[in-house]
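Q: Mind having a look at this structure? Questions to follow.
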Amino acid sequence: MEKENSGFGPVGLRVAIAVAGLLGAQAAFAQFVSVGGTIRLDNGPGAGPGGEFIVTVLSGGSGLSPSFNTFCVERNEFFSYGQTLRVDGISNGAISGGAGGPNPDPISNQTAWLYAQFRSGSLGGYDYNVPSLRTHDADALQNTIWYLENEISSIGSGLSSSEAIQANSWLAAANSAVDAGWTNTNVAVLNLWRQDSQGNFTIQAQDQLYITPIPEPETYMMLLAGLGLMGFVARRRQRGLAA
């Protein structure tokens, strides 16, 4: 009998497939884009100037979902729906954001927590399923983000009373999570540029929240466990064939 030295029998192959699946788990719910790629922003739920924006990746992307929803970081940046925008950078904050602040102006951990909860579908009080209610929640969440990023001076400004209550509730929840030790690991900002009259991407357009494709620590642990199991199976097979 010819000795097999690859260690990838049926069991090893199944483990390898499972481990690969772990690495692709995050990509299953998001579309990722690279610096230099292009996207399109369309109007999503929300009645105000902010609210949810729908991002469709046009080039430089990967992932299984065709689009994702996001919120803007800066209040006074403008673009037109349907424009092609280039990802000039993926950073920890808005470009030229804030009055006299750093460049980029980093987002707060509270903003990152809120967006991470929103994207995972676990933001308490956010109605993802009823369009009319989602409109109000989108406006309230955008207001909370703008307040956290010092774009507005008082939370709830311009909202209905129920929306203001929800915004204050999310602010309290975000503060509690950060006070309890939550830190940002993969919420970033897409720094977007739009085209000038010659078609060159030279005009700063938008800064939008984004989830980067960084596996969570649990994923690394499961990956290492899977690799360890593969090594164990390979050693057992080699001992059995040598006997």
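Q: How many residues does region 120-161 hold that are touching a Lys or Arg at 6+ places or on another chain (Cβ under 6 Å) and at pLDDT below 95?
A: So the count comes out to 1.
Q: For region 124-178, give me each residue that is surrounded by 16 or more Cβ atoms within 10 Å (Cβ to Cβ) and among the small types (Gly, Ala, Ser).
A: Answer for region 124-178, where residues must be surrounded by 16 or more Cβ atoms within 10 Å (Cβ to Cβ) and among the small types (Gly, Ala, Ser): 138, 140, 156, 164, 167, 173, 174, 177.
Conditions (1) at pLDDT 95 or above; (2) buried (at least 18 other Cβ atoms within 10 Å of the Cβ); (3) in a loop (DSSP other than H, G, I, E, B); (4) of a type outside the set (Asp, Glu), marked per residue:
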site	(1), (2), (3), (4)
17	no, no, no, yes
37	yes, yes, no, yes
40	yes, no, no, yes
102	no, no, yes, yes
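Q: Let me ask something else about it. Across region 57-87, what is the number of residues that are within 17 Å of residue 44 (Cβ to Cβ), buried (at least 17 other Cβ atoms within 10 Å of the Cβ), over 14 Å from the mean Cα position of the chain (by Cα) and not aliphatic (A, V, I, L, M)?
A: Residues meeting the conditions: 2.
Q: Output the qualifying pairs, or none if there are none: Cβ atoms under 8 angstrom, residues six or more apart or on different chains, first residue in region 129-146 and part of a helix (DSSP H, G or I), second residue among the β-branched types (Val, Ile, Thr).
A: These pairs meet every condition: 143/152; 143/155; 144/155; 145/73; 145/111; 146/152.
Q: Additional query: Just one of (1) in contact (Cβ under 8 Å) with a residue 24 or more places away in the chain; (2) over 20 Å from residue 75 (Cβ atoms); (3) in a helix (DSSP H, G or I) trips up residue 124, so point out which.
A: (3)
The values are calculated or read from the model by the stated rules, or taken from the named source; none is laboratory data. As the structure is a computational prediction, the values presented were derived from the model and not from experiment. Here the Cβ is made from the backbone with ideal geometry for all residues, glycine too, and neighbour counts use every protein chain on show.
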